[in-house]
1. Applying the selection to region 48-60, what residues are surrounded by 13 or more Cβ atoms within 10 Å (Cβ to Cβ) and within 19 Å of the chain's Cα centre (by Cα)?
2. Would you kindly identify the helices (runs of 4 or more DSSP H) lying entirely within region 95-194 that contain at least 2 residues that are of a type in the set (A, V, I, L, M) and surrounded by fewer than 14 Cβ atoms within 10 Å (Cβ to Cβ)?
3. Return the pairs, sorted by first residue and then second, in which the second residue is crowded, with 21+ Cβ neighbours inside 10 Å and of a type in the set (D, E), the first residue lies in region 71-92 and is free of Cβ contacts under 8 Å to residues at least 60 places away in the same chain and assigned to a helix (DSSP H, G or I), the beta carbons are less than 9 Å apart, and the residues are 6+ apart or on different chains.
4. Residues A46, A26: which one is among the aliphatic types (A, V, I, L, M), closer than 19 Å to G170 by Cβ and in a helix (DSSP H, G or I)?
5. Checking L30 against (1) without any contact (Cβ under 8 Å) to a residue 24 or more places away in the chain; (2) under 18 Å from G84 (Cβ atoms), which test does it fail?
Amino acid sequence: MATVVDAPRTRSVSDDRVRGLVLIGAMVALMWVLETIDVVGGNLDANGIHPRDVDTLPDIAFAPFLHAGWGHLIGNTVPFVVLGGAIALSGLARTAAVTAIVALVGGFGTWLIGPADTNHIGASGLVFGFAAYLIARGVYTRRPLHLGAGLAVIAVYGATLLFGFIPHPGVSWQGHLFGAVGGVVAARVLDRRRAPVAA
């Protein structure tokens with residue numbers, strides 16, 4: 001009689017990927033709900049990153065979910081879903097870890113060097129971080145699948161990424177830059193091949 005011994009593990013991996021995708025979907029849904037509230041008079045956009053204003057440091061976690069209008073939100077939603085979905089295929093824990101690292105590094109870097117009296121909002125820092133993570137992951141792991149994913153990101157988003165680092169009025173290149181730095185940091189920190197540090 002034939003038996004399937006690895007079915008539970010296969011189901012677990014598949015379920016974990018679904019949970020990762022659900023997290024990405026939940027974050028997008030939150031962005032759209034918050035933008036709807038803002039449009040009808042919630043005035044949420046003021047809760048972005050205000051460089052070197054210590055009182056607004058907690059807003060680093062809130063700022064990626066706020067957008068300056070529907071166009072801004074739509075422009076971020078598509079790459080967020082595509083790149084975030086690619087990361088979600090590695091599971092819920094990795095998706096959450098990458099998002100947290102990118103948000104913290106990107107947000108704090110923007111808070112540190114952004115121009116005074118400015119307000120930085122939007123998910124583009126996360127988008128740049130997700131893209132940088134997918135590229136850097138291939139460099140660190142050297143796995144063909146990861147290298148291929150990184151090359152695909154470069155092919156599709158490479159020009160956009162480079163253009164996003166160029167200062168433009170009304171665009172937070174600081175958020176883009178430090179979001180990307182956060183993506184590289186996440187790829188390094190989460191690289192499973194890293195040798196343990198000797199005591």
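Values quoted throughout were computed directly from the atomic coordinates according to the rules given, and no laboratory measurement underlies them. What you see is a predicted model; the values in this text were computed from it and never measured. Cβ: placed from backbone, ideal geometry, glycine included. Neighbour counts: every protein chain shown.
1. Within region 48-60, G48, I49, L57, D59, I60 meet the criteria.
2. On the way: elements: 124-141, 144-164, 173-189.
Helices (runs of 4 or more DSSP H) meeting the threshold: 144-164.
3. H72/E35; L73/E35
4. So the residue among A46, A26 that is among the aliphatic types (A, V, I, L, M), closer than 19 Å to G170 by Cβ and in a helix (DSSP H, G or I) is A46.
5. Result: L30 fails condition (1) only.
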